[in-house]
Amino acid sequence: MAKEIVIDSLGEACPVPLVKAQNAIKEMEIGDVLIVQIDHSCAMKNLPEWARKDGHNVEVEEVDDGEWEVIIEKAK
Amino acid sequence: MPENTQTTATSSTGSIRRSSTRAPRKKKKNMIPFGVGLLVIIVLIGFLLGQKNATVGLFWIFGISFGFVLQKARFCFTASMRDPYLTGGTSLTRAVIIAFALTTIGFTAIKYGAYVKGLPIPGMSYVVPVSAATVIGAFLFGIGMVIAGGCASGTLMRNGEGFMMQWLVLVFFITGSLWGAHDFGWWKEVFISNGPSVFLPDVFGWFGALALQLLVLLGLFVFATKYEQKKSA
């Protein structure tokens, strides 16, 4: 059963969300989903960039003005 | 695992299956009237400033344009130096190198233009001594900007964006700048003025300096590209 992990990174400046996501994904199984909630515009850029480079499936959703959810499916 | 993570079972919605119930999305307000209003106010203030002092009016327009580009491009000098290590991505690093190359050409044109006409070369007060103080200062600034989540321009831009943590950063940014300015005379006398100050065109000639700087930047660009390929391989 695939798991889903939510990291609440609202109010945290870059690179904190990125490092949290990197640590979380290490302990996940393939197919698990990680959702990172962010409101720092810089993390909106480097989180998806890192995750795509790492070979995962990534979606970014703007849930509110200046608030995003980065949805990462661990693929390898 | 951090305490603010939660684990739930997954069902299928969207292209990546997710289960967490999202808070119902607020209906977004139409921002276009605000934008038009703001534009009118900006132009009005610019007009008033320009009447008092043309230079200040110009600063106003340049400042706002610069902030707009930074925000929309998500351009971040901090990330350009930090992300190669953290993510292996160098897209911002390369963007900064391209910006340096463009400003190199632009500034050389301005300075050479003044030199050819026999006018005093503008901006020569920025040719300052190089010493260990430069290296130590740069290192301290690097630590500070990664902790604060932004360099000078990035912090200012996110202040306007409404990221409240960095309002705190702004307070200490101003405090530190004032403190630094207050003691700058002493630092300059004791440490900074010991180093040699080099203006590259004096050493290599105008064309040589331009070519050398662009070659170094090209080298860094190639290195950044290779680094990214190696990291993601």
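Mind listing the Cα extents of segment B:27-165 along all three principal axes, in Å, largest one first?
Computed over the Cα atoms, the extents are 53, 47, 24 Å.
Less than 28 Å apart at the alpha-carbon level, and either on another chain or at least 8 residues along: which lysines does that give for B:LYS188?
Once the sequence-local lysines are set aside, what remains near B:LYS188 is B:LYS111.
Please report the antiparallel percentage of the DSSP beta bridges confined to the protein assembly as shown, to the nearest 5.
80 percent
Cα to Cα, under 13 Å, and not fewer than 8 places away if on the same chain: which aspartates and glutamates meet these conditions relative to A:LYS76?
Filter leaves A:GLU27, A:GLU29, A:ASP32, A:ASP54.
Evaluate 2.2 N^0.38 Å with N set to the residue count of the protein assembly as shown, then give the Cα radius of gyration divided by it.
Its radius of gyration relative to the 2.2 N^0.38 Å reference: 1.21.
Of A:GLU69, A:GLU61, how do they rank once you tally other Cβ atoms within 10 Å and put the fewest first?
Ordered by Cβ neighbours within 10 Å, fewest first: A:GLU61, A:GLU69.
Tell me, Kirkwood radius of segment B:109-233 from alpha-carbon pair distances, in Å?
18.3 Å
If you average 1/r over every pair of different alpha-carbon atoms in chain A and take one over that average, what Kirkwood value in Å do you get?
12.0 Å
List the aspartates and glutamates whose Cα lies under 16 Å from the Cα of B:LYS27, skipping any in the same chain that are fewer than 8 positions away.
Within the straight-line limit of under 16 Å, B:LYS27 reaches these aspartates and glutamates: A:GLU61, A:GLU62, A:ASP64, A:ASP65, A:GLU67.
Give the share of C-alpha pairs in each 10 angstrom bin for chain B, from 0 to the last occupied bin, in whole percents, shortest bins first.
6, 17, 28, 29, 13, 6, 2, 0
Helix hunt in chain B: which complete DSSP H runs extend at least 27 Å axially by C-alpha with mean Kyte-Doolittle at least -0.5?
B:32-52, B:54-73, B:91-116, B:165-190, B:200-232
Just so you know, all these numbers are worked out from the coordinates, no wet-lab data involved. It should be emphasised that the depicted structure is a prediction, and the values quoted were computed from it without experimental measurement. Cβ: placed from backbone, ideal geometry, glycine included. Neighbour counts: every protein chain shown.
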